[in-house]
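To start, the structure under review is shown below, and the notes come after it.
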Amino acid sequence: MMETFKGSYTQQEPIPEEGIEAAIAVMRSGRLHRYNTAEGELAETVLLEQEFAAQVGAKYCLAVASGGYAMATALRAVGVKPGDRVLTNAFTLAPVPGAIAAVGAVPVFVGVTEQLVIDLDDLAAKADLADVLLLSHMRGHLADMEALMALCDQQNIIVIEDCAHTMGAAWKGVPSGTQGLVGCYSCQTYKHVNSGEGGLFVTNDAEVAARAVMLSGSYMMFGKHLAGPPQETFETIRYETPNISGRMDNLRAAILRPQLRKLDGQRDRWNARYNLIEDGLRDTPGLTVIDRPADETMVGSSIQFLLKGWDGTSVEEVLSRCLKRGVELKWFGASEPVGFTSRYDSWRYVDAPAMPESDEVLAGIIDMRVPLTFSLEDCALIARIIKSEVSAVYQSVKS
């Protein structure tokens, strides 16, 4: 009898009981707004910011409404103006170029390698086109961050890291989000911590942090930001920075704090599932596993592989056959965007030239979420199904 998978790709683990209790306490108090505190009380958002800054080793942290808001705020805080060009990955998700467009700037796309990271040769070739790189660690794949930062420092390019998929990851032991000038994280349901929606912003630059605090809608209550910069940093910034409200509330912060304390353990659980699936896919005819570099500490909350050189009809047949057996694969090579699988030539508000080498890579990228609600047995079963169906289609095409 043919094996099928019965699990859900969208079912998350429950919020920890500690987070539920903290959220109930916030609701009972009625003080959901981050600046609405009783005498002597520290807001949940303040505690979250202090704890996350310490966790990643950053001087300053700001909790905001979403990861996309964090990126747009970072761009504004480093001085990006309407009409400016901003470098970013050709392989990313829509909120990244969306954040650039939100500030009136223009994305300049940089190519992707078969390791699914930004192409440093292409970045070097385009370094004179912009002063800022919004670097997407797409699907948790980290480029050689030492080489990238050396290149950007040499070219005076400011780096903002999109860490939506790399919270808890590191390059040579340095937490993702702390090598660029700003690190931006997402707390949306399908990321590494779950508050439904939300974001975190970190930096070691006092002026950038102060602008971000003012942009987030602190009015003149920036003194309540205990994970923010010194008060004197705001002297001029508070008068010249617009309020573009995007604060996180105490309810979401209460939910997030216990999840962040569990993040290292969750990373180990994700990686056990990732490694099991990866091992099961190795040596599949026609399928290329993406080997991860030894210097990367990854968080395997999703997995990707390549069907290099496959025609679209054959790829779609693999997806269809796997779906009939309960395995949901996503493809970044379709001619039209489906769900979240859009790519640089899907965003038609950008006049982007064709990138043939990157197009070849994108045409073969297959993606799959790995929720922690999957058991290790589930992951072994999923790998068997993918291996079976890829092999069957590959053999039929070859014969």
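The values are calculated or read from the model by the stated rules, or taken from the named source; none is laboratory data. In this text the structure is predicted, and so the values were computed from the model without any measurement. Heads up, the Cβs are rebuilt from the backbone with ideal geometry, glycines too, and the neighbour counts pull from every protein chain shown. When the accessible area is computed, the model is the full protein with side chains, heavy atoms only, and any ligands, DNA or RNA have been set aside. Shrake-Rupley method; radii C 1.70, N 1.55, O 1.52, S 1.80 Å.
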- [ ] Test each condition in (1) over 24 Å from the mean Cα position of the chain (by Cα); (2) open to solvent by 20 Å² or more (accessible area, probe 1.4 Å); (3) not hydroxyl-bearing (Ser, Thr, Tyr) for residue 318 and report the one that comes out false.
- [x] (2)
Open item on the list: What's the number of the only condition in (1) closer than 25 Å to residue 267 by Cβ; (2) open to solvent by 60 Å² or more (accessible area, probe 1.4 Å) that residue 397 fails to meet?
Closed with: (1)
TODO: Those residues that are free of Cβ contacts under 8 Å to residues at least 12 places away in the same chain, in a helix (DSSP H, G or I) and open to solvent by 50 Å² or more (accessible area, probe 1.4 Å), I need them from the range 262-301; list them, please.
DONE: 268
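Condition first: open to solvent by less than 30 Å² (accessible area, probe 1.4 Å) and either within 19 Å of residue 10 (Cβ to Cβ) or not polar (S, T, N, Q) (or both). Now tell me which residues in the range 353-370 satisfy that.
355, 361, 362, 364, 365, 366, 367, 368, 370
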- [ ] Give the range 203-227 a look and list any residue that's open to solvent by 10 Å² or more (accessible area, probe 1.4 Å) and among the β-branched types (Val, Ile, Thr), or say none.
- [x] none
Open item on the list: Consider the range 102-144. How many of its residues are closer than 21 Å to residue 338 by Cβ and of a type in the set (A, V, I, L, M, F, W, C)?
Closed with: 4
- [ ] Return a yes/no flag: does the range 233-248 have any residue that is over 21 Å from residue 164 (Cα atoms), of a type in the set (Ser, Thr, Tyr), in a loop (DSSP other than H, G, I, E, B) and open to solvent by 70 Å² or more (accessible area, probe 1.4 Å).
- [x] no
Task: Close pairs from the range 29-43: first within 12 Å of residue 249 (Cβ to Cβ) and open to solvent by 50 Å² or more (accessible area, probe 1.4 Å), partner of a type in the set (A, V, I, L, M, F, W, C) and in a loop (DSSP other than H, G, I, E, B), Cβ under 9 Å, at least 6 apart - done: 31/38; 31/43; 33/43; 36/43
TODO: Check off (1) among the hydrophobic types (A, V, I, L, M, F, W, C); (2) part of a loop (DSSP other than H, G, I, E, B); (3) under 20 Å from the mean Cα position of the chain (by Cα) for residue 227 and give me the number that stays unchecked.
DONE: (3)
Task: Matching entry among 327, 361 (being over 18 Å from residue 116 (Cα atoms) and under 24 Å from the mean Cα position of the chain (by Cα)) - done: 327
Open item on the list: Give me the residue from the range 1-28 that is free of Cβ contacts under 8 Å to residues at least 24 places away in the same chain and part of a loop (DSSP other than H, G, I, E, B) and, out of that set, farthest from residue 258 (Cα to Cα).
Closed with: 1
Open item on the list: Show the residue pairs meeting these rules: Cβ distance below 6 Å; 6+ apart or different chains; first residue within the range 50-72 and under 21 Å from residue 261 (Cβ atoms) and in a strand (DSSP E or B); second residue hydrophobic (A, V, I, L, M, F, W, C) and open to solvent by 30 Å² or more (accessible area, probe 1.4 Å).
Closed with: none
- [ ] State which residue pairs qualify: first residue within 19 Å of residue 134 (Cα to Cα) and inside the range 183-201, second residue among the aromatic types (Phe, Trp, Tyr) and open to solvent by 10 Å² or more (accessible area, probe 1.4 Å) in any location, beta carbons under 6 Å apart, and separation of 6 or more residues or different chains.
- [x] 199/69
Open item on the list: Among the listed residues 153, 162, identify the single one that is within 26 Å of residue 122 (Cα to Cα) and free of Cβ contacts under 8 Å to residues at least 24 places away in the same chain.
Closed with: 153
Open item on the list: Yes or no: the range 322-344 includes at least one residue that is farther than 18 Å from residue 164 by Cβ, open to solvent by 30 Å² or more (accessible area, probe 1.4 Å), modelled with pLDDT of 95 or more and assigned to a helix (DSSP H, G or I).
Closed with: yes
TODO: Those residues that are farther than 18 Å from residue 109 by Cα and over 14 Å from the mean Cα position of the chain (by Cα), I need them from the range 157-177; list them, please.
DONE: 171, 172, 173, 174
Open item on the list: Please go through (1) without any contact (Cβ under 8 Å) to a residue 24 or more places away in the chain; (2) assigned to a strand (DSSP E or B) for residue 104 and return the number of the only condition it doesn't satisfy.
Closed with: (2)
